[in-house]
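The values are calculated or read from the model by the stated rules, or taken from the named source; none is laboratory data. Because the structure is predicted, anything quoted here is derived from the model rather than measured. Because the Cβ atoms are built from the backbone with ideal geometry, glycine has one as well, and the counts that use them run over all protein chains shown. Each accessible area value is taken on the protein alone, full model and side chains, heavy atoms only, with ligands, DNA and RNA left out. Shrake-Rupley method; radii C 1.70, N 1.55, O 1.52, S 1.80 Å.
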Amino acid sequence: MPDVRLASPQGKWVLLTTVLGSSMAMLDSTVVNVALPRIGRDLDANLSALQWTVNAYMVTLAGLILLGGALGDRFGRRKVFVVGVAWFAAASLLCGIAPNAGVLIAARALQGVGGALLTPGSLALIQASFHPDDRGRAVGLWSGFGGIGAAVGPFVGGWLVDGPGWRWVFLLNVPLALVCVPVALRHVPESGDGSAHGRFDVLGAVLGALALALVTYALIEAGEGGWAVAVSAVAGLAAAVAFVVVERRRPDPMMPPDIFASRQFTAVNLVTLCVYAALGGFFFLAALQLQVVVGYSALAAGTALLPTTVLMLLLSARSGELADRIGPRIPLTVGPLLCAAGMLLMLRVGPGASYLADVLPALVVLGLGLVTLVAPLTATVLGSVSVVRAGLASGINNAAARAAGLVAVAALPLLVGMGEEAYREPAAFDTAFGKAMGWCAGAMVLGAVIAAAVVRRPPPDCKRPECLRHGGVMAPPLEGEPVRKRLG
């Protein structure tokens with residue numbers, strides 16, 4: 001039984017290590033959007049290159065995150081976590097010194113591999129290290145500090161872009177890793193899952209990532225046309241079909257198909273796809289809109305986006321408690337509708353927009369929508385499967401959210417007719433942004449309709465999630481072991 005106490009020096013070191021590791025990945029996913037216009041100018045990159053700067057990371061992260069968790073269970077969670085942190089830092093260094101957009105995109109893909117190793121490991125180390133009496137509080141502190149990191153990320157990113165330069169958005173990860181790795185090796189106990197067995201589903205992970213990459217390529221390059229786009233689209237769909245076939249036939253699949261036998265689990269993941277597709281597209285384009293059209297600096301744009309994260313950090317726990325009492329159906333219906341309203345309010349954000357009158361109201365409404373839906377969504381995912389599969393269910397839900405976001409970033413510019421040089425043309429970008437907000441709001445409404453039609457109150461014995469203080473907006477919080485508190 002794990003016996004590290006939170007009040008002990010070792011407990012504090014374990015908490016510091018996991019917060020630093022998870023913050024590296026979370027900060028990177030939130031600050032890069034703010035840096036995109038400057039990256040585009042410095043590297044003479046078109047819109048497709050900026051899309052790939054975001055999506056190369058998301059492809060490998062979404063495709064490999066389940067495999068990363070399995071590797072930690074088998075070979076040691078601390079070992080895989082440390083490898084992930086070191087890998088992430090090395091890839092960040094390569095991003096920081098990239099001489100052109102091609103090298104940056106390749107380095108971002110490598111970053112995603114590191115993220116897939118360290119992201120599930122950070123929470124798993126807490127679950128495996130702390131005494132059961134301290135585990136809930138440790139996870140609460142971990143998610144709270146992670147939320148603070150997500151809140152300050154856009155501000156720090158904007159300051160770095162306007163000051164030392166966008167390269168420091170990536171180079172900042174190197175000193176964080178230099179602190180994190182030695183502390184982990186010295187103070188964090190090793191742990192693993194003694195019951196883990198069978199072969200790793202490497203083929204499934206590769207097919208999943210390949211399908212995402214090929215479909216993403218086809219969507220991003222569809223405006224150019226040509227045989228390469230058609231071949232990529234067909235090959236991507238074929239890889240997706242092969243992934244399903246492999247998962248159905250393998251004795252130890254990465255994503256067991258029978259988990260989707262739960263109607264509730266399937267429905268909540270459909271809601272997740274709709275919600276996080278809209279959010280991925282929104283945050284990719286909103287940072288550009290504020291800088292390209294409204295004229296904000298990178299620092300001002302990053303700071304402007306803070307209200308959504310701050311609201312989530314402050315109110316997510318209360319939202320989870322409310323869902324305990326009334327069930328998830330109403331929050332998962334009302335939350336996306338509020339988010340849709342916030343996105344439509346962004347139509348007011350154009351040339352000469354006022355922050356207090358135009359930008360802030362939209363972000364506050366969006367933030368209240370996220371507060372309403374994120375904690376109940378995670379709790380419902382966990383409550384729709386058996387206790388022993390809670391970690392797997394959370395991982396699938398997290399991967400689905402990231403995959404939805406990357407597809408949205410690839411597809412939205414195509415859907416709204418955003419050309420390769422649009423981010424250099426404020427009037428054209430503003431027009432396309434308005435159309436994109438309509439698509440994002442529509443995805444949110446679709447998620448609300450699915451929730452209202454299918455989601456029901458979980459059974460009385462389902463478990464409540466520990467990660468209620470959640471500040472990240474690009475994916476739902478990962479959950480490790482189930483907890484004792486009941487939902488319902």
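Overall, segment 186-324 carries a charge dipole of about 60 debye about its Cα centre when +1 sits on the Cβ of Lys and Arg and -1 on the Cβ of Asp and Glu, all other atoms neutral. In the list [x] 32, 25, 24; [y] 40, 30, 22; [z] 47, 26, 22, the label attached to semi-axes √(5λ) of the Cα gyration tensor in Å as derived from the coordinates here is [x]. If only the Cβ of Lys and Arg carry +1 and only the Cβ of Asp and Glu carry -1, the dipole of the chain around its Cα centre is close to 1180 debye. To put it simply, the accessible area of the chain at a 1.4 Å probe is 68 percent carbon and sulfur.
A Cβ-based charge dipole, computed about the Cα centre of segment 51-166 with Lys and Arg at +1 and Asp and Glu at -1, lands at about 280 debye.
From the residues L219, V202, V244, which one has its Cα farthest along the dipole of segment 132-257 in the positive direction, the dipole being from +1 and -1 charges on Cβ of Lys/Arg and Asp/Glu about the Cα centre? The one lying farthest along the dipole's positive direction is V202.
Think of a 1.4 Å ball rolled over the protein heavy atoms: the chain then has 37 Å² of accessible area per residue.
Hey, can you list the DSSP H helices of the chain whose Cα span along the axis is 24 Å or longer and whose average Kyte-Doolittle score is at least 1.6?
Details: long enough: 9-43 (47 Å, 0.54); 47-75 (41 Å, 1.05); 77-96 (28 Å, 1.22); 101-129 (41 Å, 1.22); 132-162 (45 Å, 0.35); 202-221 (28 Å, 2.13); 227-249 (33 Å, 1.56); 263-292 (43 Å, 1.34); 306-326 (29 Å, 0.76); 329-345 (25 Å, 1.56); 360-383 (35 Å, 2.10); 390-415 (37 Å, 1.34); 426-454 (42 Å, 1.33).
The qualifying helices are 202-221, 360-383.
With R₀ set to 41 Å, the beta-carbon distance separating S354 from R137 gives a calculated FRET efficiency near 0.45.
Taking the centroid of alpha carbons for each part, segment 365-381 and segment 156-223 are 25 Å apart. With unit charges on the beta carbon (Lys/Arg positive, Asp/Glu negative), name the residue among I326, P361, G350 whose Cα is farthest towards the positive pole of the charge dipole of segment 254-372. Towards the positive end, the residue furthest out is I326.
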